């Protein structure tokens, strides 16, 4: 008998019918003798409906009240799922952040979990009751309601699994696992049976949006096995686990891409200490996440500085550097909002030289110009013209990913104990 | 500068536009320097929408989860009103039952407030912030969410006013005060400028549904002046206050009626000790509120026992007595679901004899047969055939209520300090 945390996303609890389906799935687990904690998101569309109401009453809704408002969405789905479980004859009770209690800092809208009191949940589980916990929310020191940001229910699930010492955290979603590439671009992309936390971190941040990145960080820190799988079937998905041995014995686990990229180049700026701080300090203060930064070595004390930002922040970032052209000593600004980032990710890169060179060869062979390059221990990313995205992904997938699974192990919740 | 608690019902916050109107009203008070606590109900229709969802996932929704579910409705309206106030430039913060904190017993769905911690709200008010409190809800000792029953936001408002030592609790609703009779039946019914707690208790329980009866009990116990008024205008409504002097110098303050009545008569039952307990014990245990009970004095040891229940509980109550006819020694059961209760209420009755006699004369003059009679110190109620309801109300209003106001004082929030 295992202690299992299951998280169901907004689509999985998007209607009364879907909630009843989830209840049946939970009941099946419970009949096997497992202790179950279920974490739910708000019903699909509900968070946006509430935020829309907020924008109708206030031009700039404050974060504290917005959090209290949207947290009601998970309250509704948690209570409904508990009711549906009771209707199947199970004992079930719903819990909110303040009841568990899930303590966070006071960063409304993007709060971080600081601690979780496991005692009430463990007492609840002890008598066979299924605990249904509202995801995405906690309370700060003053009992104000906080939310963890979009996708925060993943983090709630993993954090609860860590606090309770659960055997596995199952993330039920509308995709059935982590793929070696986007199946819409690479039809023969295959589902990974297992992937390491580090690979998942790189894949998640690169656009393979099956699991919130902070949830993966949490899982890695507390070594929580995470099973990403579909709520629409019983097939095993992808296990995200600690790297314990050469996994699947392959160089590259996946090819990721991200079209949400815009590029800004400051032309011919004086290459002196403090320049980067002067450019990126205000941009960071405005909450804009800069992804890649490239500065060429300069011979004449004059350099070009290029960086990428999400497209939604492009105009804001541009106006910030434009407003300070004199102060920065910039002699011109070039921009490109039609770029994409393509990355290969794999633990195998650590011990294999020449992966980058081969990547560049593959792209050159397709006539694709590389605009920017960024590397980490287990990832190589390039920025290319957006129109080459599909071509680059397919070519890299063909070059690096074996056409057949290197192993056919299919992990399941039972195995992971 | 006063400390004012204002409660707005579901219709008053029924839309984004209405919420913005409420915000403007609150802002006007705040500009006068008053400290304001606002209690809100869920947006009109929301509680029923949520309960409907509950019934779709569970045949018999449990009370704990139903409470957690519907409490989200007030969470939404409280956050939205706080946002609307902030949009007008005010400082505002919303609070839920667990944040205030409003401690109740664990009677889910009909919880009673046990204590209110005033410190957080007073600290909030001290710096000019408007506190918006979600009505209708509290938390029990284990932090479970409880609700106070339909209309419970009135109770929240009055209880907060009592705990904070507020100068007045203003109940904003979709009627503009307490009338001497139902204006749909008595077109010349007039609005009462003031009414005592005791009269209001009798009027409320008799169907003049402007204020929840438990809210009046709370107001009476803690001597909270309550001002019932319309949220659609600025006219003063009705002050519900302690009886301090002969009020308005009239015998009868109002004529109330209640069509939600059904009558059950147990025919020729043995008149022996313990009969009433045997009949009404199980009915009370089933949560059915019996209103009037009449038992005729018996000469031969055999009596008829008649009682009334709300029509919604009629079948249930009937099946309970039917099931035990043998045990009770009943020789027959007569029923009538087409009856109504008509009552006259007034403090003046205490010191005036002959009011009842005159009431019976008035009804006899209209050819209306009286089926049951029940009296209290300040009220006389009769049960009549439902078809005579309007006729009885009009005749009694004409006979007992002066056609012009005995006084024209118009109390306001300011006066009540």
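Values in this text are rule-based calculations from the coordinates and carry no lab data. Because the structure is predicted, anything quoted here is derived from the model rather than measured. Using ideal geometry, Cβ is built from the backbone for each residue, glycine included, and neighbour counts are taken over all protein chains shown.
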Review point. Can you give the FRET efficiency for residue B:335 and residue B:63, using 1/(1 + (r/R0)^6), R0 = 41 Å, r = Cβ-Cβ distance, to the nearest 0.05?
Key: 0.85
Study note, to complete from the structure: Taking N as the residue count of the stretch A:255-400, its alpha carbon Rg divided by 2.2 N^0.38 Å gives 1.12
Review point. What length, rounded to one decimal in nm, is gained on full extension from residue A:117 through to residue A:242, with 0.36 nm per residue of separation minus their alpha-carbon distance?
Key: 42.5 nm
Exercise for review: Note the angle between two axes, namely the Cα long axis of helix A:152-164 and the longest principal axis of the Cα atoms of chain A, as a number of degrees from 0 to 90, rounded to the nearest 10.
Suggested key: 60 degrees
Study note, to complete from the structure: Expected integer from the mean partner chain Cβ neighbour count at 10 Å over B:93-99 is 5
Revision key, fill the gap. With a Förster distance of 45 angstrom and the Cβ-Cβ distance between residue B:324 and residue A:126, calculated FRET efficiency to the nearest 0.05 equals 0.60
Review point. So for B:185, B:368, B:171, fewest C-beta neighbours within 10 Å to most, what's the order?
Key: B:185, B:368, B:171
Study note, to complete from the structure: A convex hull over the alpha carbons of the protein assembly as shown yields, per residue, a volume in Å³ of 194 Å³
Study note, to complete from the structure: Note to self: C-alpha centroids of the stretch A:278-333 and the stretch B:365-385 sit apart, in Å, by 85 Å
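Can you pull the mean other chain C-beta count within 10 Å for peptide A:49-55?
3
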Practice item. Please work out the Cα convex hull volume for the stretch B:289-329 and give it in Å³ per residue. Key: 66 Å³
Review point. For chain A, what is Rg from Cα atoms divided by 2.2 N^0.38 Å, rounded to two decimals?
Key: 1.07
Check your understanding: In whole angstrom, how far apart do the alpha carbon centroids of the stretch B:63-102 and the stretch A:78-148 sit?
Key -> 18 Å
**Study point:** Exposure proxy ranking, count of Cβ atoms within 10 Å, fewest first, for A:243, B:235
**Key:** B:235, A:243
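Given that compact globular proteins tend to follow 2.2 N^0.38 Å, what is the ratio of the alpha-carbon Rg of the stretch B:142-243 to that value?
1.08
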Revision key, fill the gap. The stretch A:255-400: relative contact order from alpha carbon pairs under 8 Å, six or more residues apart, as a whole percent, is 30 percent
Review point. What ranking do A:174-180, B:316-322 get when scored by the average of other Cβ atoms within 10 Å per residue, highest first?
Key: A:174-180, B:316-322
Review point. Over the stretch A:3-174, what is the mean sequence separation of C-alpha contacts under 8 Å (at least six apart), divided by residue count, expressed as relative contact order in percent?
Key: 30 percent
Review point. What order, most packed first, do the peptides A:392-402, B:337-347, A:129-139 have when packing is the mean number of other Cβ atoms within 10 Å of each residue?
Key: A:129-139, B:337-347, A:392-402
Practice item. Give, in nm to one decimal, the length gained when the segment between residue B:352 and residue B:403 is fully stretched (0.36 nm per residue of separation minus the Cα-Cα distance). Key: 16.4 nm
Review point. Anyone know which of A:279, A:228, A:22 comes out most mobile in the 10 Å Cα GNM of chain A?
Key: A:279
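Please compute the Kirkwood hydrodynamic radius of the stretch A:3-174 from all pairs of different C-alpha atoms, in Å with one decimal.
15.7 Å
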Study note, to complete from the structure: Computed over chain B: longest principal axis from alpha-carbon atoms vs helix B:275-285 long axis, angle to nearest 10 degrees, is 30 degrees
Check your understanding: Relative to the longest principal Cα axis of chain A, at what angle does helix A:213-222 sit, 0 to 90 degrees, rounded to 10?
Key -> 70 degrees
Study note, to complete from the structure: When chain A is treated as a Gaussian network with springs between alpha carbons less than 10 Å apart, the largest mean-square fluctuation among A:286, A:103, A:54 is found at A:286
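Starting from the Cα-Cα distance between residue A:361 and residue A:387, subtract it from 0.36 nm times their residue separation and give me the gain in nm to one decimal.
7.5 nm
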**Study point:** Approximate spin-label separation residue B:174-residue B:88, in nm, with each point projected 7 Å along Cα-to-Cβ
**Key:** 2.2 nm
Check your understanding: Relative contact order, percent, of chain A when contacts are C-alpha pairs under 8 Å separated by at least 6 residues?
Key -> 14 percent
**Study point:** Global size of the stretch B:248-317 as Cα Rg and Dmax, reported in angstrom
**Key:** 15.4, 48
